[in-house]
Structures are given as C-alpha cells and as structure tokens.
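First up is the structure itself, then whatever we jot down about it.
Values quoted throughout were computed directly from the atomic coordinates according to the rules given, and no laboratory measurement underlies them. Just so you know, these numbers come straight off a predicted model, no measurement behind them. Cβ coordinates were reconstructed from backbone atoms using ideal geometry, including for glycine residues, and neighbour counts include every protein chain displayed.
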Amino acid sequence: MTSATALPEPITTGYQIDATGLEKSYITPGGVTVRALDGVDLHIDAAEVIALVGPSGSGKSTLLHLLGGMDEPDAGSIVCDGRDVTALPRAELVAFRRTVGFVFQHFALLPALTARDNVMLPVLPYKTTYDAKDRARSLLDDVGLAGREDALPSQISGGQRQRVAIARALMNDPRLLVADEPTGNLDSTTGAEILDLLFGIRETRGVTVVLATHDETVAARCDRIVPIADGRLVR
Ligand SMILES: Nc1ncnc2c1ncn2[C@@H]1O[C@H](COP(=O)(O)OP(=O)(O)O)[C@@H](O)[C@H]1O
Ligand SMILES: [Mg+2]
C-alpha cells in the first residue's frame, strides 16, 4: 500500500541547473545510430525562462527529456541544486520527476476526462492528505479556467486545452517546467497568451522554465535564447 501523499511544499525557488557534457544517441529500428546530443553544456539560473531554438531534429526534445529526468544521457551530468539527477537511485529519480512539470505541443490531455480530472492525473494513483479536487479546481482558476472544470477537452479551445495542461503540470508544485513547443499548435495571439501565463507562473512561483520553440516571437520574449543545431549548442 502506498502512503498518503502530502500537499507539495510551496517552492521558494526554481531549480538552478548545470548540465555538462551531455551526450545521447538513439539506435533506429533499422540499426542506424543517431547522435541526438553531442556534448551539451548548459547553465540555467533559478527562475530563468530559457528558449531552446533550433531546426527540427536538432535535439531540443531530447535535451528537454534529459533535463526533466524522463530519459538518461549516455554521458554527462545534470546537476539540479547541487544534486546529480543522472546518478539518482530509481526511487529518488521518481521523486525528482515529480518536481518537474511537463507541457507538450499537443497538450496530451486524456479526452474522456474532464479538465479537473486531467489536472488531477499526476496524483490520481496516490492517496493524498489534501483534497486533490480542490487543488485542481484552484489551479484551473489560476490559469484562467474558473468554472470550466467539468468541460471535456473536446469542449474547449486549443488555448484552453493548453491551460489545462499547464494546470496539470503545476499539480505537484514543480521547481522546473519543461515545455516542448507549447505554442506550436496555437495561433500567434493564443500562443502569446500562453507565454503570458508561463511568465506569470514564473513570477508567482519562481519556477525555472525551459521551453523549446520554432517561433522567433516566442523565443524573443524569453530571458535567454539558447540556439541548438545538430545536437550542439551554438555559441
Ligand atoms: N526515439 C528515437 N529513436 C531514434 N531516433 C530518435 C528518437 N528520438 C529522436 N531521435 C532523433 O534524434 C535527433 C534529435 O531529435 P529531437 O530531440 O526530437 O529533435 P527536435 O526536438 O529538435 O526536433 C533527430 O535526428 C531524431 O530523428
Ligand atoms: Mg521536438
């Protein structure tokens, strides 16, 4: 039996991240080795909003997955607030992942679940000591979706779906938000609103944000642009 999960402590600050010498290759079903990351060094300050910018296939998603602990590098380290997350034992890696919120281009909501239940997904397998429904409702308020908690994804707009996905990413009070082309499926006005929301979250929660984008307007608004090409950061 799992023990009850307590309400996450409100964060005081986002992660400071030091990635060093990251390498990652994939082997395709055809047996070809693809070098997705080829020696990436990246320092990210706490509560910084970083835009990873580069052509399709340059390694953006791979780097985001490594930073969020979703995948392991072949070489290199990722130190978050002094802790090397690439060397964590399994149980601690699971706990680390809970401190990272993920936002995706295609929202990744479950179509049969209401907005509220989608937001509750990260804690659904756990017994919580707090009222997860209340927390989900209040997060939906925070992202501008008050009153829409019973809506299904098919009943709301793309921008609203992304707001639900962002509320879900906040359920565990993350110290890092990783967003893979969060505006890629939205028109430019809606995309700008989603970016406003992410900046507001950084202001109020002090969370570190790393996003990947193709959109120069989105990138230009971030604190820093990190160009990437062929698995290497471009100086
Ligand atoms: N699971 C995988 N299997 C094989 N190759 C992959 C896989 N994931 C990514 N790649 C390859 O790694 C490289 C980097 O991909 P990716 O990180 O998705 O780049 P981006 O997000 O910038 O488009 C590309 O050449 C891509 O085809
Ligand atoms: Mg990608």
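Tell me whether the stretch 208-221 contains one or more residues that are over 20 Å from Ala46 (Cα atoms), within 16 Å of ligand 1 (Cβ to nearest atom) and touching a Phe, Trp or Tyr at 6+ places or on another chain (Cβ under 9 Å).
no
Scanning the stretch 63-114 for residues that are surrounded by fewer than 17 Cβ atoms within 10 Å (Cβ to Cβ) and within 16 Å of ligand 2 (Cβ to nearest atom), which turns out farthest from Arg148 (Cα to Cα)?
Asp71
Considering only residues of the stretch 22-56 that are under 19 Å from the mean Cα position of the chain (by Cα), part of a loop (DSSP other than H, G, I, E, B) and more than 16 Å from Pro182 (Cα to Cα), which is nearest to ligand 2 (Cβ to nearest atom)?
In this case the residue turns out to be Glu48.
Given the criteria away from ligand 1 (no atom under 16 Å from the Cβ), more than 30 Å from Gly39 (Cα to Cα) and under 20 Å from the mean Cα position of the chain (by Cα), does Arg175 qualify?
When the stated conditions are applied, Arg175 does not pass them.
Restricting to the stretch 92-109, what's the tally of residues that are in contact with a helix residue (DSSP H, G or I) (Cβ under 6 Å, 6 or more places away or on another chain) and part of a loop (DSSP other than H, G, I, E, B)?
Matching residues across the stretch 92-109 total 2.
Do we have any residue at all in the stretch 30-42 that's at positive phi and within 16 Å of ligand 1 (Cβ to nearest atom)?
yes
Tell me yes or no: at least one residue of the stretch 181-194 is in contact (Cβ under 8 Å) with a residue 40 or more places away in the chain and more than 16 Å from ligand 1 (Cβ to nearest atom).
For the stretch 181-194, residues in contact (Cβ under 8 Å) with a residue 40 or more places away in the chain and more than 16 Å from ligand 1 (Cβ to nearest atom): absent.
Would you tally the residues in the stretch 112-128 being in a helix (DSSP H, G or I) and among the charged types (D, E, K, R)?
The number of residues fulfilling the criteria is 2.
Can you name every residue in the stretch 207-235 that is assigned to a helix (DSSP H, G or I) and within 13 Å of ligand 2 (Cβ to nearest atom)?
None; the set is empty.
Cβ-Cβ under 7 Å, sequence separation 6+ or interchain: first residue in the stretch 91-117 and more than 15 Å from Leu139 (Cβ to Cβ), partner within 16 Å of ligand 2 (Cβ to nearest atom) and among the charged types (D, E, K, R). Which pairs?
Phe104/Asp180; Gln105/Asp180; Gln105/Glu181
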